[in-house]
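**Student:** Dumping the structure here so I can ask a few things about it.
The values are calculated or read from the model by the stated rules, or taken from the named source; none is laboratory data. Note that the coordinates shown come from a computational prediction; the quantities given were computed from them, not determined experimentally. Note that we place each Cβ from the backbone using ideal geometry, even for glycine, and neighbour counts take in every protein chain shown. Just so you know, the surface numbers come from the protein's heavy atoms only, side chains and all, with ligands and any DNA or RNA stripped out. Shrake-Rupley method; radii C 1.70, N 1.55, O 1.52, S 1.80 Å.
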Amino acid sequence: MSDLRVAVIGGGLAGLTFCVALGKQSNIKMDLYEAAHEFGEVGAGIGMWYRTQQIMEKLGLQDDLAALQGEVKKGDAVAFHFRKSDQPKGLSFYDMNATGGMLPFHRASFQKVLIKHLPPSCTSHFGKRLVSYDDPASGPITLHFKDGTTAECDVLVGADGIKSAVRATLVSNLAKEGKITKEEATQPNPVWSGTVVYRNLVPKERLEAQAPGHRALTVPGMYCGKNKHLVVFSIDKGAQINVVAFCSDPSKEGTQYSEDSKQWVVDVPKEELLQQYEGWEPECIDRPTRWAINVAQKMSTCVSSRVAIIGDSAHAMTPNLGSGAGQAIEDAYVLAALIANPKCTRSSLPRVLQIYDEVRPPKASNVRHLSRTNGLIYEFNGAGFEHIGLHDENVSSEVLTQIGKEAEGHWEWAWKNSAEEDRERAVLMLSGI
């Protein structure tokens with residue numbers, strides 16, 4: 001219905017994709033509220049699997065993304081080359097093939113494509129940090145911003161990230177209504193995964209000069225070791241090499257991150273990273289930034305009345321499947337299809353959002369579980385691999401191959417299944433309204 005007012009909190013990948021998807025299907029008025037004074041993405045490279053590539057094609061973004069990527073792979077391609085690298089001389093042990101391969105993008109470049117496709121029905125507002133909202137039994141939802149201003153809407157979509165203010169109010173309201181347990185309402189959210197990552201972009205020219213013909217110039221790499229692993233792949237048409245170095249302490253999972261006065265992102269000297277990876281085969285990295293990988297706690301529901309949360313607000317996960325952005329995009333794609341449907345009216349909104357809640361969060365929760373599992377596998381902590389020690393050079397080729405196959409098995413949903421099935425299922429459920 002054209003007079004429905006939709007408010008979206010957060011101008012990251014989830015919020016922007018939702019606005020693009022809804023704008024492709026309707027002329028519903030949208031207000032997009034971003035806390036910063038301009039659109040901006042934090043981070044470097046992201047990978048896009050075939051399942052997400054298909055959504056991009058449905059939204060008409062494939063040509064712009066192809067221009068960023070350069071050559072787009074057809075059919076099966078090597079998505080990751082696995083090596084055991086926690087020893088002076090590394091050992092290659094598995095090639096993971098995936099339909100469509102893994103398309104790498106610079107996060108900010110991908111965001112610019114989404115901004116370019118924002119529909120005329122979407123109005124962007126900057127410097128608007130949500131504090132809370134009121135969702136009365138009747139009448140519009142009222143949004144309260146940090147600058148003292150307010151706004152109204154009929155349906156609220158929280159895409160405001162892992163520290164989501166929308167989630168905080170949603171959980172509070174659900175607790176007051178007795179719709180979630182006290183334990184869920186009071187659990188700390190988010191929590192630390194026990195992992196930090198060191199991120200860096202290495203110019204292609206510098207890598208070629210220091211290591212001519214390095215495999216990272218042509219093939220994405222997964223460098224595995226005890227309690228640590230690196231993910232390396234090129235972005236910007238090969239102009240830069242995205243390096244993400246993981247360091248984990250499994251005993252700290254579920255705690256609160258406390259280093260550096262709880263700053264989640266800090267610049268650190270190269271020596272800190274080199275010390276962490278002492279004894280590994282040499283790689284090229286400089287001026288890293290250390291990120292604490294925090295995750296959202298599992299929720300029994302991601303909706304309340306006329307409010308829904310998507311993306312990291314609902315299910316921030318470890319990046320071990322490269323699927324956090326993809327899951328946010330799937331949330332946006334399915335929810336937009338539901339709200340654009342003629343069956344969605346002011347009176348039916350609560351049921352419409354319940355359908356989203358029945359279809360999407362369980363899928364994202366499973367991906368989050370698989371991502372955590374693969375993180376353990378890469379670092380030789382997965383079930384059956386705990387016996388592998390630090391800098392252990394006596395691991396059999398059979399065990400290493402098993403590691404590669406198990407990791408691939410947890411990833412296959414990303415190219416063997418389609419999000420279109422979830423979208424169609426959700427829309428079909430509307431027929432019962």
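**Student:** Can you give the accessible area per residue of the stretch 220-268, in Å², using a 1.4 Å probe?
**Tutor:** Working: 2100 Å² over 49 residues.
Ligands and nucleic acids excluded, the figure is 43 Å² per residue.
**Student:** Shifting gears a bit: Would you mind getting the accessible area per residue of the stretch 65-126, heavy atoms of the protein chains only, 1.4 Å probe, in Å²?
**Tutor:** On the way: 2710 Å² over 62 residues.
Result: 44 Å² per residue.
**Student:** Over the stretch 323-433, average the accessible area per residue using a 1.4 Å probe and give it in Å², no decimals.
**Tutor:** Ligands and nucleic acids excluded, the figure is 41 Å² per residue.
**Student:** In sequence order, what are the phi-derived ³J(HN,Hα) couplings for the stretch 104-119 according to the Karplus relation 6.51 cos²θ - 1.76 cosθ + 1.60 with θ = phi - 60°, rounded to whole Hz, with x for glycine and proline?
**Tutor:** x, 9, 6, 4, 5, 5, 5, 4, 4, 5, 4, 4, 4, 9, 4, x
**Student:** Something else now. With angles folded into 0 to 90 degrees, how steeply does helix 165-176 sit against the dominant principal axis of the chain? Use alpha carbons for both and round to 10.
**Tutor:** 60 degrees
**Student:** Next up: Once fully extended, how much extra length lies between His144 and His369, figured as 0.36 nm per residue of separation less the alpha-carbon to alpha-carbon distance? Can you show the working numbers first?
**Tutor:** Numbers: separation 225, 0.36 × 225 = 81.00 nm, distance 3.43 nm.
Result: 77.6 nm gained on full extension.
**Student:** On to the next question. How much of the accessible area of the stretch 156-268, in percent, comes from carbon and sulfur atoms when a 1.4 Å probe is used?
**Tutor:** Exposed carbon and sulfur together represent 50 percent of the surface.
**Student:** Here's something else I'd like to know. Give me D for the stretch 196-310 in µm² s⁻¹, whole number, from Stokes-Einstein with Rh from the Kirkwood sum over alpha-carbon pairs, 20 °C and 1.002 mPa s.
**Tutor:** Working: Rh = 16.3 Å.
Translational D for this selection: 132 µm²/s.
**Student:** If I fit a long axis through the Cα atoms of helix 324-340 and take the longest principal axis of the Cα atoms of the chain, what angle between them do I get, 0 to 90°, rounded to 10?
**Tutor:** Computed tilt is about 20 degrees.
**Student:** Before anything else, pin down the relative contact order of the stretch 116-205: Cα pairs under 8 Å, at least 6 apart, normalised by residue count, whole percent.
**Tutor:** 16 percent
**Student:** Compare Lys116, Lys226 by solvent-accessible area with a 1.4 Å probe and give them largest first, with all protein chains kept in place.
**Tutor:** So the residues, ranked largest to smallest area, are Lys116, Lys226.
**Student:** Where a Cα-Cα gap under 19 Å defines reach, which lysines qualify for Lys237, not counting those fewer than 8 residues away within the same chain?
**Tutor:** Reachable lysines: Lys73, Lys74, Lys112, Lys204.
**Student:** Ignoring ligands, DNA and RNA, please state the percent of accessible area on the stretch 342-399 from carbon and sulfur, probe 1.4 Å.
**Tutor:** The nonpolar share, carbon plus sulfur, comes to 54 percent.
**Student:** Calculate for the chain the 222 nm mean residue ellipticity that helices alone would give, adding -39,500 (n - 2.57) per DSSP H run of length 4 or more and normalising by residue count, nearest 500 deg cm²/dmol.
**Tutor:** Details: 14 runs with 150 residues, N = 433.
My calculation for the chain gives -10500 deg cm²/dmol from helical runs alone.
**Student:** Can I ask one more? To make sure I understand the rule: partners must be aspartates and glutamates, Cα under 13 Å from the Cα of Lys146, and not fewer than 8 residues away in the same chain. Which ones qualify?
**Tutor:** List returned: Glu34.
**Student:** Explain nothing, just the number: relative contact order of the stretch 65-143, from Cα pairs under 8 Å at least 6 residues apart, as a whole percent.
**Tutor:** About 23 percent, as a whole number.
**Student:** Would you pull out the residues with amide H under 5 Å of Gly45's amide H, same chain only if 5 or more places away, H placed 1.01 Å from N?
**Tutor:** When sequence neighbours closer than 5 places are left aside, the close amide H contacts are Arg107.
**Student:** For a quick check of understanding: with a 1.4 angstrom probe and all protein chains in place, what accessible area in square angstrom does Lys363 have, to the nearest ten?
**Tutor:** 80 Å²
**Student:** With each label point set 7 Å from Cα along the Cα-Cβ vector, what nm distance links Ala383 and Glu281?
**Tutor:** Calculated label separation equals 3.1 nm.
**Student:** Heavy atoms of the protein only, probe of 1.4 Å, neighbouring chains included. What is the accessible area of His144 in Å², nearest 10?
**Tutor:** 60 Å²
**Student:** Now, a different point. Relative contact order of the chain: what whole-number percent is it, with Cα pairs under 8 angstrom and at least 6 residues apart?
**Tutor:** RCO, the chain: 22 percent.
**Student:** Check Arg129: other-chain or 5+ apart residues with amide H under 5 Å from its amide H, H built from backbone geometry?
**Tutor:** Lys146, Asp147
**Student:** So, one more: What does the highest-first list of 297-305, 380-388 look like by mean Cβ count within 10 Å?
**Tutor:** Details: 297-305: 19.2, 380-388: 15.4.
With the highest mean Cβ count within 10 Å placed first, the list reads 297-305, 380-388.
**Student:** Next up: Note the full-extension length gain between Ala67 and Arg351 as 0.36 nm times their separation in residues minus their Cα-Cα distance, in nm to one decimal.
**Tutor:** So the chain would gain 98.2 nm between Ala67 and Arg351.
**Student:** Give me the percent of accessible area attributable to carbon and sulfur for the stretch 80-123, probe 1.4 angstrom.
**Tutor:** 56 percent
**Student:** Related question: Provide the per-residue ³J(HN,Hα) series for the stretch 345-360, in order, calculated from phi with Karplus coefficients 6.51, -1.76, 1.60 and θ = phi - 60°, each as a whole number of Hz, with x at glycine and proline positions.
**Tutor:** Working through the residues one at a time gives 10, 4, 6, 8, 3, x, 5, 4, 5, 5, 5, 4, 5, 6, 8, 8 Hz.
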